[in-house]
Every structure is written in C-alpha cells, then in structure tokens.
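Asks: This is the structure I want to talk about, given as structure tokens.
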Amino acid sequence: MTIDLLPDDVVPRLRAAGCVFAEDEAEILIESADGDAGRLERLVTGRVDGLPLEHLVGWVGFAGRRWAVGTGVFVPRQRTELLVTEAVGIAPQEGPLVVVDLCCGSGAVGGAVAADLAAAGREVTLHAVDVDPVAVAVARRNLAGLTAAPGLTAAPGRITATASAGDLDAPLPRTLRDQVDLLLCNAPYVPTAAIAFLPPEARDHEPLFTLDGGSDGLDVLRRVIDVAPGWLRPGGHLLFEVGDAQVEAALAHAAAAGLTARVVEDEEAGALGVVATRP
Ligand SMILES: C[S@@+](CC[C@H](N)C(=O)[O-])C[C@H]1O[C@@H](n2cnc3c(N)ncnc32)[C@H](O)[C@@H]1O
C-alpha cells in the first residue's frame, strides 16, 4: 500500500501523547514507514507509548547529517552541535589532524567534526571510544559510512576512523600521546539527583550510565580533564559540554590541570561548553 498523504489520525495521536513537534515527527515516521501501513502503525504506537523517535526510526539528524542510533544508545542532542562548530573553527589550519572522541556514543560528535574537516580538504584521523560495546557497534557503523561517503571521498580530504570499547582513554594507542589536536568529550554530566527530572525519553530509554555524572555531574569530566594534557599536543584543545551550574567547577578543574579554559555558548540552542587548551 502506498501512503502519499499524512493519515489523518497520526498528528492528533502524537499530539495527544504529548509530542510537541507532532507534525515534524509524523513526517519522519511516515518516511520511515516507506509506504507500509502496518509499519507506520507500529511506529506511531511505539511513539505514543513513549519510545524515542530516533530509536524507532533508527537515525538522528545531527550537524547536517544522518547518524544511526539504536535501542540503548544515547541520542545525540542538537545542542551538542556547539562542540562540533567550535572544534571545526579552532582546528589548526595546516597539516593532518588527530581527533579523539571520548564517550563517543553513536560516534556522531567526532564523526561530524571529521566529516566537516574532510569536506574542507583536511586529512583526519579519528579515534572514538565508549565504554559500552553496544554504542561502539553503532559508532563503527556510522564511522564506516563516513569513510565511505561519496560526498567526502570526492573531496580532497580523507578520514581514517576507528571506534574502540573501553574506559575513557584506556584503548587509545600510546603513540597518540602529545599528538591530539582536538579531544572531544560529551560525557554523562547530569547530576544524579536531577535524573528523575529528565524527560521520559531519556530517563526511561537511555541507560543510566549514559546520563549520570555523579553527585555534581562532573565525575567523568574531571577524569577526562585530568588525562587530557597527556594526549593533547601543545596548543591542542579539549572540548566538552556542561550545564550552567557546573561551569565554574569545570573551569577551575581545567586550570588546576594546567589547561587554559574558556566558556563557549549558543544561547538559542541552550548549549554551554568549555574549550580547554594545552599551553
Ligand atoms: C551523554 S552520552 C554522549 C554520547 C555522545 N558523545 C553524544 O553526544 O551523542 C555519554 C556516553 O559516555 C559513555 N560513557 C560513560 N562512562 C564512560 C567511560 N568511563 N568511558 C567511556 N565512555 C563512557 C556512555 O556509554 C555514553 O555513550
């Protein structure tokens, strides 16, 4: 059966279930159903039951590209595009680039940075790491797609990418010490007590270890800041996302680790980040 119009009841059903962007979601679900009425019904029912849209359709739009996501894997947030824009903007202007994405999840953050740099003609080596093998499998898929993307292979730049499972920087090859130009890390940073107030899509469908950053939310980020100077080349940058209440502590911790840190912000997107540079 072909569906060429919005079935009349999709938008009202989504709206009744509390979906704020019901029209946009309906379009995505209908595209994903690809004319299969039974599949459309399953997708709408899943969404009405509170499953994340991106887990249902298997992809998310992030930084101008589509990235695979799946059940149990953190869905990249639009606000994190701030890290991508900043990283691309401060990348050294010459030579091949080494990019690391710790806590990579689906690999979209590091992948987007590598893709944008390669599209601008740069040669990029990307190492992505996540503690969760399920996320790493998705990241491998995304990064494989990237290295094979026709739009990028046609460009003068080139991407070499790997995704590894392990704790923070443990899987990184020692040869990368003092060599990293951009160290990206969108870590779990929600304070434990705030998890209960997250939207149900996150609270109920993204694993706790993807969200929970400990009592002040900075447990993982403090560890990342501590190891960053050993991987960054002089002049290299660590970029991470934080919440309002965490900025001061994060800046202080970066300074104590010998990094020169500044805050970056995209007010419209509600995004806040820190760029910490090795002198
Ligand atoms: C907030 S999610 C962000 C994922 C991805 N960076 C993004 O923005 O879409 C945090 C990720 O950190 C991973 N993670 C948590 N603790 C970790 C650790 N000790 N080492 C590596 N990854 C970790 C989780 O599995 C999860 O994928």
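Values in this text are rule-based calculations from the coordinates and carry no lab data. If you're wondering where the values come from, they're calculated on a predicted model, not measured in any experiment. Methodologically, a virtual Cβ is constructed for each residue, glycine included, from the backbone with ideal geometry; neighbour enumeration extends over all protein chains shown.
Asks: Which order do the peptides 11-17, 132-138 take when ranked by the mean count of other beta-carbon atoms within 10 Å per residue, highest first?
Replies: Output ranking for 11-17, 132-138: 132-138, 11-17.
Asks: Moving on to the next point. Roughly how many debye, to the nearest 20, is the charge dipole of region 58-178 about its Cα centre, given +1 on each Lys and Arg Cβ, -1 on each Asp and Glu Cβ, and no other charges?
Replies: Result for region 58-178 is approximately 340 debye, rounded to the nearest 20.
Asks: Ok, one more. Counting only residues 5 or more places away or on other chains, whose amide H sits under 5 Å from the amide H of Ala161 once H atoms are built in the peptide plane?
Replies: Amide H neighbours of Ala161, under 5 Å, 5+ apart: Leu126.
Asks: Now, a different point. Three principal axis extents, largest first, for the C-alpha atoms of the chain, in Å?
Replies: Cα extents, longest axis first: 60, 47, 33 Å.
Asks: Gain in length, Thr71 to Arg177, computed as 0.36 nm per residue apart minus the alpha-carbon separation, to one decimal in nm?
Replies: In short, 34.8 nm is gained.
Asks: So, with +1 on the Cβ of K and R and -1 on the Cβ of D and E, and no other charges, what is the size of the charge dipole of the chain about its Cα centre, to the nearest 20 debye?
Replies: With Lys and Arg at +1 and Asp and Glu at -1, about 1000 debye.
Asks: Enumerate the calculated ³J(HN,Hα) couplings along region 50-55 in order (Karplus 6.51 cos²θ - 1.76 cosθ + 1.60, θ = phi - 60°), each rounded to whole Hz, writing x wherever the residue is Gly or Pro.
Replies: x, 5, x, 3, 5, 5
Asks: Quick one: what do you get for region 176-270 if you divide its Cα Rg by 2.2 N^0.38 Å?
Replies: 1.15
Asks: If each of Ala252 and Leu198 carries a label point 7 Å out from its Cα toward its Cβ, how far apart are those two points in nm?
Replies: A separation of 2.6 nm, rounded to one decimal place.
Asks: If you count the DSSP beta bridges with both ends in region 78-277, what percent of them are antiparallel, to the nearest 5?
Replies: Of all bridge pairs located within region 78-277, approximately 35 percent are antiparallel.
Asks: With the calculation restricted to Cα positions, what are the radius of gyration and Dmax of region 1-50 in angstrom?
Replies: Cα radius of gyration and Dmax of region 1-50 are 9.7, 29 Å respectively.
Asks: Could you calculate the contour length gain from Leu208 to Ile90, that is, 0.36 nm times the residue separation minus the distance between their Cα atoms, to one decimal place in nm?
Replies: In short, 39.3 nm is gained.
Asks: Need the full-extension length gain, Asp219 to Glu265, defined as separation in residues times 0.36 nm minus the C-alpha distance. One decimal, nm.
Replies: So the extension gain works out to 14.4 nm.
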